[in-house]
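Please read the structure below before turning to the comments.
The values are calculated or read from the model by the stated rules, or taken from the named source; none is laboratory data. Treat the numbers as computed from the prediction; the structure is a model and nothing was measured. No Cβ is skipped: glycine too gets one built from the backbone with ideal geometry, and neighbour counts run over all protein chains shown.
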């Protein structure tokens, strides 16, 4: 196993940090964009985030204490609400990859806004710890983020991309009328 300095300063880690920081910054500015522009851009950032997260080096938590978290419940809710308002009637989608779906007689609905806020929370906590610059906490935060990607938010990311793809490429008649109004 590589030592912690080689892992936290590896090319793959630095590239992930760069994409993760851009992802977080873009979500924080989401309310300043129109939905079509937001969807188009986030559909370009999410695949990069997935690729870079999948290339993170293997590492294990070294310390006894969990790294500090920075995203508060209020931060999460403000972001989720902002994204929900932006996505409006396109926020909900049917989830088909949940384990519980096999046993359910009713469809399971997810929200793009909540999924993006969930990913944001983990990624923002990671880059915030990274910005502090303490090798051991950076290393532990990297290990936790990598594990969380594998166990949770990686699947959430690809499911959300599927929903966003549908928003972009399967517009309803209402969307086309709204675009016509914007262009008038």
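Selection within region 133-161: residues that are free of Cβ contacts under 8 Å to residues at least 12 places away in the same chain and part of a helix (DSSP H, G or I). The member of this set that is nearest to residue 110 (Cα to Cα) is 151.
Mind checking which residues of region 19-41 are closer than 16 Å to residue 124 by Cα and either part of a helix (DSSP H, G or I) or in contact with a helix residue (DSSP H, G or I) (Cβ under 8 Å, 6 or more places away or on another chain) (or both)?
Looking only at region 19-41, we keep the residues that are closer than 16 Å to residue 124 by Cα, and these are 19-30.
Those that are closer than 16 Å to residue 124 by Cα and either part of a helix (DSSP H, G or I) or in contact with a helix residue (DSSP H, G or I) (Cβ under 8 Å, 6 or more places away or on another chain) (or both): 19, 20, 21, 22, 23, 24, 25, 26, 27, 28, 30.
Mind checking which residues of region 46-79 are within 15 Å of residue 149 (Cβ to Cβ) and assigned to a helix (DSSP H, G or I)? Passing the criteria: 46, 47, 48, 49, 50, 51, 52, 53, 54. Inside region 80-113, can you point out the residues that are surrounded by fewer than 17 Cβ atoms within 10 Å (Cβ to Cβ), modelled with pLDDT of 90 or more and part of a helix (DSSP H, G or I)? 81, 85, 88, 89 - these are the residues of region 80-113 that are surrounded by fewer than 17 Cβ atoms within 10 Å (Cβ to Cβ), modelled with pLDDT of 90 or more and part of a helix (DSSP H, G or I). Taking the condition in contact with a strand residue (DSSP E or B) (Cβ under 9 Å, 6 or more places away or on another chain) and either surrounded by fewer than 17 Cβ atoms within 10 Å (Cβ to Cβ) or within 29 Å of residue 63 (Cα to Cα) (or both), does residue 160 pass? Spelling it out, it is not the case that residue 160 is in contact with a strand residue (DSSP E or B) (Cβ under 9 Å, 6 or more places away or on another chain) and either surrounded by fewer than 17 Cβ atoms within 10 Å (Cβ to Cβ) or within 29 Å of residue 63 (Cα to Cα) (or both). Looking at 151, 142, just one residue is modelled with pLDDT of 95 or more, over 17 Å from residue 62 (Cα atoms) and within 18 Å of the chain's Cα centre (by Cα), and that residue is 151.
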